[in-house]
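Sharing a structure with you now.
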Amino acid sequence: MAVSTPEDFDVLKSKGNACFNECLYSQALSFYSDALKLKNDPIILCNRALVHLKCENFGSALSDSSAAIALNPQNTKAYYRRGMAYFALTKFTLAGRDFKKSILLSPTNHAARSRFEECKKNIKRLKFEAAISNVNIRASERLNIDDFFVGESYDGPCLDHDGKTTESFIESMVVHFKNGKQIHKR
């Protein structure tokens, strides 16, 4: 086996870049992987993450960009690419965190800023969808009676622990109101 030199690493990196520019992603991936066998380099990891993104291998893109960040925590492209992978996996909170870090490292990164705004919109949309998905569930079914604390000084009607409204509960409420009293706030 021949001893590798820094020139070998540079040749593999250049070949990987050339293949990427020609949209020959599987060959670029191979060259970048061979270069990483010679030297664990954050730039090559970041380039390989981009190839994985283009091939929609989002888990591998996450892995490579995370490794690049571990080697160089100031690598704004690694944060952006990991954010893109999280975004593609609809993990908008994690994606937003990475886009925000990319913006902090490179304030003129308009692509990261745009994606960060998209993440915020998607998070709001998902929260809204979750909220309206409970529309057909009655409020009384969503409440847990055990979550409410009623002080011991309260002498009015109380629901049983099963939370069911019974005839005796209604009758005691009517008597309570007729006597000019109020029910507990909760």
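The values are calculated or read from the model by the stated rules, or taken from the named source; none is laboratory data. Just so you know, these numbers come straight off a predicted model, no measurement behind them. Positions of Cβ are backbone-derived with ideal geometry, glycine not excepted, and every protein chain shown enters the neighbour counts. Just so you know, the surface numbers come from the protein's heavy atoms only, side chains and all, with ligands and any DNA or RNA stripped out. Shrake-Rupley method; radii C 1.70, N 1.55, O 1.52, S 1.80 Å.
Go through 65, 133 and list them by solvent-accessible area, largest first, probe radius 1.4 Å.
133, 65
Separate question: Using the eigenvalues of the Cα gyration tensor, what equivalent ellipsoid semi-axes result for the stretch 70-129 when each is taken as the square root of five times the eigenvalue, whole Å, largest first?
The three semi-axes for the stretch 70-129 are 21, 12, 8 Å.
Treating only the Cβ of Lys, Arg, Asp and Glu as charged (+1, +1, -1, -1), what charge dipole size does the stretch 1-112 show about its Cα centre? Round to the nearest 20 debye.
Magnitude of the dipole: close to 480 debye.
Greater than 18 Å separation of Cα atoms is the criterion. Which listed pairs, 37/77; 13/100; 13/37; 13/101; 91/120; 15/37, meet it?
37/77; 13/100; 13/101
For residue 73, what charge total do you get from the other residues with a beta carbon under 13 Å from its beta carbon, if Lys and Arg give +1 and Asp and Glu give -1?
That works out to +2.
Counting only the heavy atoms of the protein chains, how much of residue 126 is accessible to a 1.4 Å probe, in Å² to the nearest 10?
70
Just to confirm, what accessible area per residue do you get for the stretch 78-133 at 1.4 Å probe, in whole Å²?
61
Counting C-alpha atoms alone, how compact is the stretch 1-74: give Rg to one decimal and Dmax as a whole number, in angstrom.
Answer for the stretch 1-74, Rg first and Dmax second: 11.9, 36 Å.
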